[in-house]
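*Asks:* Following this message is one structure expressed as structure tokens.
The values are calculated or read from the model by the stated rules, or taken from the named source; none is laboratory data. Note that this is a predicted model, so its numbers are computed, not measured. We place every Cβ from the backbone using ideal geometry, glycine too, and count neighbours over all the protein chains shown. SASA here: full protein model, heavy atoms, side chains in, ligands and nucleic acids out. Shrake-Rupley method; radii C 1.70, N 1.55, O 1.52, S 1.80 Å.
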Amino acid sequence: MSIVTRFAPSPTGYLHLGHAASALTGFAAARAGQGDFLLRIEDIDAGRCRPAFTEAIIEDLTWLGLVWRGEVRRQSDHLADYAAALDRLAAMDLFYPCFCTRAEIAAAMSAPHGGDGRYPGTCRTLDPAIATARIAQGDAYALRLRTDRAVRRTGALRFHEAGEGWISADPAALGDVVLARKDALCSYHLCVTHDDAAQGVTLVTRGQDLRAVTPIHVLLQHLLGWPTPAYAHHPLLTDHSGRRLAKRDRAATLREMRQAGATPAGIVKIISCRIGDITSL
Ligand code: GLU
């Protein structure tokens, strides 16, 4: 089977060294396996994504020397496909509408016995008649997955992590995650798994911060009959004080570094010094 990797940034800011690590790792793995490297723009969050950042991403990656196969896939062009996937899950009776605001969830989680980090389940047991009436009157709601019920359908799950081997996946530990946001009929978890399957991705290279949610992705793949790719989560890059890099750290953006005279080879060297050889998976 030929290897297919991808880089899937959200155009909410300029790329920084952490993004370059994900992209270069995927690119190197595809090249080593004589496979394909793809670029996907995850732009479903209309409030935070900007077309100018998409253009900047393409420019920065081209400067780094990366080439991808075919057209860039933009998630905003595929909303009907995500809605169809959501319908398939709805037909399995795996959702409930959640009307909670962020503030209500935060309050419930900070209450005594409320704080295991998962959604506290406030809307899980809401009377269906009340939920229907609230939807009819136009109240905003998200769709949450009944994760325990979903896990009962799939049974035990696992995924392959580079350098570690097979890891057992426990989606129930993440609680009832949102699969359709209040402001969009989809979510990161749904779109990312849909697209990895649709694009035939066989190896996902991304930061360690997304490893924790990988069990949800594996669960969705099993529910929807999609293959599970292998994963290679790389260590996160940090700034000098040990804080992880974020898009707000302008000094670490590829753009600022380029303007300050950095070269693509220099970027590869910095990343390899910080997180190890990015060409070996
Ligand atoms: N779009 C996600 C982000 O920019 C990454 C998705 C992924 O690689 O799975 O954080």
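*Asks:* Across segment 195-243, which residue is nearest to residue 276 (Cα to Cα) among those that are of a type in the set (Gly, Ala, Ser) and free of Cβ contacts under 8 Å to residues at least 40 places away in the same chain? Step through it out loud before you land on a result.
*Replies:* First pass over segment 195-243, keeping only residues of a type in the set (Gly, Ala, Ser): 197-198, 200, 207, 212, 225, 230, 232, 241-242.
Filter again for free of Cβ contacts under 8 Å to residues at least 40 places away in the same chain, leaving 197, 212, 225, 241-242.
Numbers: 197: 29, 212: 21, 225: 35, 241: 19, 242: 17 Å.
The extreme case among them is 242.
*Asks:* Considering only residues that are open to solvent by less than 30 Å² (accessible area, probe 1.4 Å) and in contact with an Asp or Glu (Cβ under 9 Å, 6 or more places away or on another chain), which ones fall in segment 143-161?
*Replies:* Answer for segment 143-161, where residues must be open to solvent by less than 30 Å² (accessible area, probe 1.4 Å) and in contact with an Asp or Glu (Cβ under 9 Å, 6 or more places away or on another chain): 144, 145, 147, 157.
*Asks:* With the condition kept exactly as written, say whether any residue in segment 2-19 is touching a Lys or Arg at 6+ places or on another chain (Cβ under 9 Å), among the charged types (D, E, K, R) and away from the ligand (no atom under 14 Å from the Cβ).
*Replies:* Checking segment 2-19: not a single residue is touching a Lys or Arg at 6+ places or on another chain (Cβ under 9 Å), among the charged types (D, E, K, R) and away from the ligand (no atom under 14 Å from the Cβ).
*Asks:* Still on this structure: Which members of segment 185-210 meet the condition of being on the phi < 0 side of the Ramachandran plot and more than 10 Å from the ligand (Cβ to nearest atom)? If you could, list the steps in order and put the result at the bottom.
*Replies:* Initial filter on segment 185-210 (on the phi < 0 side of the Ramachandran plot): 185-199, 201-210.
Those that are on the phi < 0 side of the Ramachandran plot and more than 10 Å from the ligand (Cβ to nearest atom): 185, 186, 187, 190, 194, 197, 198, 199, 202, 203, 208.
*Asks:* Consider only pairs whose beta carbons are under 7 Å apart and that are at least six residues apart or on different chains; among these, list those whose first residue lies in segment 129-149 and is more than 19 Å from residue 213 (Cβ to Cβ) and whose second residue is open to solvent by less than 80 Å² (accessible area, probe 1.4 Å) and in a helix (DSSP H, G or I).
*Replies:* Cβ pairs passing all conditions: 141/135.
*Asks:* So, one more: So is residue 182 modelled with pLDDT under 90, assigned to a loop (DSSP other than H, G, I, E, B), within 11 Å of the ligand (Cβ to nearest atom) and among the basic types (Lys, Arg) or not? Step through it out loud before you land on a result.
*Replies:* On the way: modelled with pLDDT under 90: yes; assigned to a loop (DSSP other than H, G, I, E, B): yes; within 11 Å of the ligand (Cβ to nearest atom): no; among the basic types (Lys, Arg): yes.
No, not satisfied.
*Asks:* Which residues, taken from segment 71-88, are over 27 Å from residue 270 (Cβ atoms) and either touching a Phe, Trp or Tyr at 6+ places or on another chain (Cβ under 9 Å) or open to solvent by less than 60 Å² (accessible area, probe 1.4 Å) (or both)?
*Replies:* Applying the first criterion (over 27 Å from residue 270 (Cβ atoms)) to segment 71-88 yields 71, 73-88.
Hits for segment 71-88 are 73, 75, 76, 78, 82, 83, 84, 85, 86.
*Asks:* In segment 1-36, how many are assigned to a strand (DSSP E or B), closer than 22 Å to residue 227 by Cα and over 16 Å from the mean Cα position of the chain (by Cα)? Give the derivation first.
*Replies:* Taking segment 1-36 and keeping what is assigned to a strand (DSSP E or B), we get 4-7, 16, 36.
From the residues that got through so far, the ones that are closer than 22 Å to residue 227 by Cα too are 4-7, 36.
Among the residues that remain, those that are also over 16 Å from the mean Cα position of the chain (by Cα) are: 4, 36.
Selection size over segment 1-36: 2.
*Asks:* Quick one: in segment 213-243, which of the residues that are within 12 Å of the ligand (Cβ to nearest atom), at pLDDT 95 or above and not in a strand (DSSP E or B) is surrounded by the fewest Cβ atoms within 10 Å (Cβ to Cβ)? Steps first, please.
*Replies:* Within segment 213-243, the first condition is being within 12 Å of the ligand (Cβ to nearest atom), and the residues that meet it are 213-214, 216-217, 229, 231-234, 236.
After this cut, where a residue has to be at pLDDT 95 or above as well, the list is 213-214, 216-217, 229, 231-233.
Okay, now just the ones that are also not in a strand (DSSP E or B), so 213-214, 216-217, 229.
Values: 213: 15, 214: 22, 216: 25, 217: 24, 229: 24.
Step by step, filter segment 213-243, then rank; the result is 213.
*Asks:* Need pairs with beta-carbon distance below 8 Å; first residue within 28 Å of residue 220 (Cα to Cα) and in contact (Cβ under 8 Å) with a residue 12 or more places away in the chain and within segment 57-85, second assigned to a loop (DSSP other than H, G, I, E, B) and acidic (Asp, Glu); sequence gap 6+ or separate chains.
*Replies:* Hits for this filter: 74/43; 75/42; 75/43; 76/43.
*Asks:* Filter segment 26-45 for residues that are within 11 Å of the ligand (Cβ to nearest atom) and open to solvent by 10 Å² or more (accessible area, probe 1.4 Å) and give the result. Full working, then the answer.
*Replies:* Residues of segment 26-45 within 11 Å of the ligand (Cβ to nearest atom): 26, 40-45.
Answer for segment 26-45, where residues must be within 11 Å of the ligand (Cβ to nearest atom) and open to solvent by 10 Å² or more (accessible area, probe 1.4 Å): 42, 43, 44, 45.
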